[in-house]
Amino acid sequence: MPSYHATITGPDQAAMAALVNKYKVTVARHTVQKVAGGFRVDAHASGTQLRSLEKAGYTVERLEDADKTGKARQKEARKLTAQAVAPEALKVAQSTGYLNIDEVEAALAAAALAPNKAFTKLISLPNKTWEQRTCHALKLAKGSGGTRAGIYLLGGVHAREWGSPDILIHFVQLVCDAYRTNTGITIATKKFTAAQIQSIVETKDIYIFPQANPDGRHYSMTTEPMWRKNRRPAPAGHTQTQCVGVDINRNYDFLWDFPTYFDPASPITNSVDPCDHDVYIGPSATSEPETKNAVWMFDKFPNIRYFVDLHSYSEDILYNWGDDENQTTSPSMNFQNASFNGKRGIANDKAYREYLASADRTIAVGLANKMRDAIKAVRGRVYKTEQAMSLYPTAGTSDDYAFSRHIVNPKKAKVYSYTVEWGSPSNPTPFHPAYPEMKQIIDEVTSGLLAFCIAAS
Ligand SMILES: [Zn+2]
């Protein structure tokens with residue numbers, strides 16, 4: 001089980017691939033960098049794993065014990081309580097600790113009440129989680145009409161990434177207050193005018209689904225800080241704690257059955273083992289209630305044309321695709337073409353690359369850069385706009401699923417799709433940083449999302 005946050009340096013790309021293929025280390029995919037003596041990645045691993053790596057010649061720098069430090073962080077969040085929390089305690093701007101899972105739901109419900117009723121609507125997601133929780137989303141829009149673009153913001157998919165629901169609740173609270181009072185929003189030196197906020201709410205439909213995996217988030221906030229998956233019960237006969245759960249963001253219907261589609265040598269960060277601590281893909285595509293809920297939003301609101309899934313960490317804005325490097329010249333070399341099965345997921349080769357039309361690439365990168373610039377304006381952090389594929393590919397993720405929908409079925413809308421990985425690898429417990437740091441991340445990502453909503457049209 002991963003416990004230590006560490007940097008791991010290996011001599012070449014093959015050694016970096018082995019971290020995933022052979023040593024089953026949890027790598028932060030987009031943190032691979034070329035350094036003296038090879039390549040370095042930010043990662044989480046157990047003490048046993050780190051000792052094996054050192055024996056095999058890797059250089060390991062142990063940062064913090066993520067379990068121990070995470071336990072301390074758990075104490076900073078408020079406990080669940082049967083009593084209603086005072087409304088001011090639900091204001092992220094005034095909060096001194098992460099919202100717990102009930103507070104996220106309470107804050108979302110509060111946003112749909114007076115005085116915001118004329119432009120908000122609470123949406124009940126149809127699938128209860130394994131622990132029988134009901135999730136909600138919020139629609140933020142004044143007026144309606146056929147040509148309005150829908151923008152879908154998702155958070156809380158990975159249990160240990162505690163801050164994404166707080167970011168989205170803060171976004172909702174800021175936009176509701178500014179719209180209602182016809183004022184602008186200022187975040188550090190970044191200014192959004194009253195007219196821009198009015199325009200977001202009156203010409204677009206914003207759908208916010210802040211906490212997709214409440215069971216997992218609660219477990220991470222109270223029991224095992226490094227928990228990532230949902231809480232699907234373990235298969236019969238499997239008693240280890242890590243045999244519980246599915247990785248929601250490997251469970252979407254995009255190249256889900258990766259052993260069929262990928263090169264056996266690919267260092268893909270997916271697993272068919274239910275007891276994999278982090279990246280078990282589930283028994284079938286879209287098997288999980290949490291995945292079904294996230295997908296239901298696209299089906300229920302077919303005007304959604306933009307999608308951002310918030311994750312941590314590494315300070316990246318990722319656009320399609322995640323299964324292989326992009327190419328713009330060969331449309332038939334694509335994820336639906338079975339003649340490329342067994343060839344996907346190797347970096348720096350020509351056997352397979354995923355097709356992305358250059359016009360789509362231009363739009364995808366342009367919007368990502370708007371987000372990047374607005375994030376940077378808050379305190380200077382530079383998030384990298386990158387393709388989701390890195391040395392380490394993925395399958396079954398939300399962003400690739402969302403963009404693939406219109407290719408699989410041309411009647412569906414084209415959805416420009418992103419994964420934002422907030423927070424720096426140099427933060428201790430980067431999946432859930434200390435709240436004073438998280439507040440700054442909340443500010444910068446909120447700024448990025450506002451710029452994104454303004455630019456998306
Ligand atoms: Zn994540």
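Some notes on this structure:
- The stretch 4-68, relative contact order in percent, only Cα pairs under 8 angstrom and at least six apart counted: 50 percent
- Trypsin sites (Lys or Arg not before Pro) lying in DSSP loop within the stretch 326-362, provided at most 11 other Cβ fall within 10 Å: 350
- Dipole orientation for the stretch 356-457: of the candidates 403, 391, 374, 403 has the Cα lying most toward the positive pole (charges on Cβ; Lys, Arg +1; Asp, Glu -1).
- Length gained when the stretch residue 84-residue 202 is fully extended (0.36 nm per residue, less Cα-Cα span): 39.3 nm
- Amide H contacts of residue 384: 316, 317, each under 5 Å away and 5 or more positions distant or on a separate chain (H built 1.01 Å from N in the peptide plane; Pro and chain starts excluded).
- Applying both filters, DSSP loop and at most 11 other Cβ atoms within 10 Å, to the trypsin sites (Lys or Arg not before Pro) of the stretch 48-102 gives 75, 79.
- Excluding ligands, DNA and RNA, the accessible surface per residue across the chain is 38 Å² with a 1.4 Å probe.
- The length gained by stretching the chain between residue 265 and residue 134 to full extension, at 0.36 nm per residue less their Cα-Cα distance, is 43.1 nm.
- On the stretch 4-68, 50 percent of the accessible area sits on carbon and sulfur atoms, based on a 1.4 Å probe.
- Per-residue ³J(HN,Hα) for the stretch 372-380, Karplus 6.51 cos²θ - 1.76 cosθ + 1.60, θ = phi - 60°, Hz, x for Gly and Pro: 4, 5, 6, 5, 4, 4, 6, 8, x
- 37 °C / 0.692 mPa s Stokes-Einstein diffusion coefficient of the chain, Kirkwood radius on C-alpha pairs, µm²/s: 148 µm²/s
- Note on residue 14 and residue 437: their simple-model spin labels are 3.6 nm apart, each label 7 Å out from Cα toward Cβ.
- The tail of the calculated P(r) for the stretch 1-137 beyond 26 Å holds 51 percent of all Cα-Cα pairs.
- Ratio of Rg to Rh over the stretch 4-68 (Cα coordinates, Kirkwood Rh, two decimals): 0.92
- Phi-based couplings in Hz for the stretch 90-96 (Karplus 6.51, -1.76, 1.60; Gly and Pro marked x): 8, 7, 4, 4, 9, 6, 10
- Carbon and sulfur %, accessible surface of the stretch 76-457 computed with the full protein complex present, 1.4 Å: 54 percent
- Flagged links, alpha-carbon separation over 31 Å, of 121/292; 24/300; 376/412; 128/204; 75/204; 370/411: 24/300; 376/412; 75/204
- Taking every alpha-carbon pair under 8 Å whose residues sit at least 6 apart, the chain reaches a relative contact order of 17 percent.
- Rotationally averaged projected area of the stretch 194-269 (alpha carbon convex hull; nm²): 9.3 nm²
- Here the Karplus curve 6.51 cos²θ - 1.76 cosθ + 1.60, taken at θ = phi - 60°, turns the phi angles of the stretch 350-366 into couplings of 10, 4, 7, 9, 7, 7, 9, 4, 5, 5, 5, 4, 4, 5, 4, 6, x Hz, with x standing for Gly and Pro.
- Solitary cysteines of the chain, where the nearest other Cys Cβ is not under 4.7 Å: 135, 176, 453
The values are calculated or read from the model by the stated rules, or taken from the named source; none is laboratory data. Since the model is a prediction, treat every value here as computed from it, not as a measurement. Methodologically, a virtual Cβ is constructed for each residue, glycine included, from the backbone with ideal geometry; neighbour enumeration extends over all protein chains shown. Surface accessibility is based on the protein's heavy atoms, side chains included, excluding ligands, DNA and RNA. Shrake-Rupley method; radii C 1.70, N 1.55, O 1.52, S 1.80 Å.
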